[in-house]
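Below is one structure; the comments refer to it alone.
What follows draws every value from the coordinates through simple rules; no lab data is involved. The shown structure was predicted, so the numbers you read here are calculated from the model rather than taken from an experiment. No Cβ is skipped: glycine too gets one built from the backbone with ideal geometry, and neighbour counts run over all protein chains shown.
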Amino acid sequence: MHDIPDETKRLLEENLTLAKENNVLLKKLYRDSIIGLVIKVIWFAVVIGLPFALYFYILEPYLKALGSSYGHVQDGIVKLFWKGE
């Protein structure tokens with residue numbers, strides 16, 4: 001077997017320790033980046049989807065009713081002013 005000098009052995013052990021710590025930190029960074037991506041996707045879905053949901057489920061029935069009422073009023077005005085024709 002080859003005899004490894006003490007200084008080289010110490011440096012190799014230190015390198016191994018640093019590599020293990022680095023691996024732990026990289027795993028945490030990767031996990032945090034995935035969580036950040038998921039949060040961004042959810043945020044953009046809410047920002048883009050909320051106005052559509054608000055319109056279709058809350059405002060649309062009122063706007064349809066208002067449009068229907070407006071149509072009746074408009075028909076009444078047309079009949080009133082163009083009665084003779």
What FRET efficiency would be calculated for the residue pair residue 7, residue 37, taking the C-beta separation as r and a Förster radius of 41 Å, to the nearest 0.05? 0.40
May I ask you to list the lysines whose Cα is less than 23 Å away from that of residue 64, ignoring any residue fewer than eight positions away on the same chain? 79
How about residue 20: which lysines have a C-alpha closer than 27 Å to its C-alpha, ignoring those fewer than 8 places off in the same chain? 9, 28
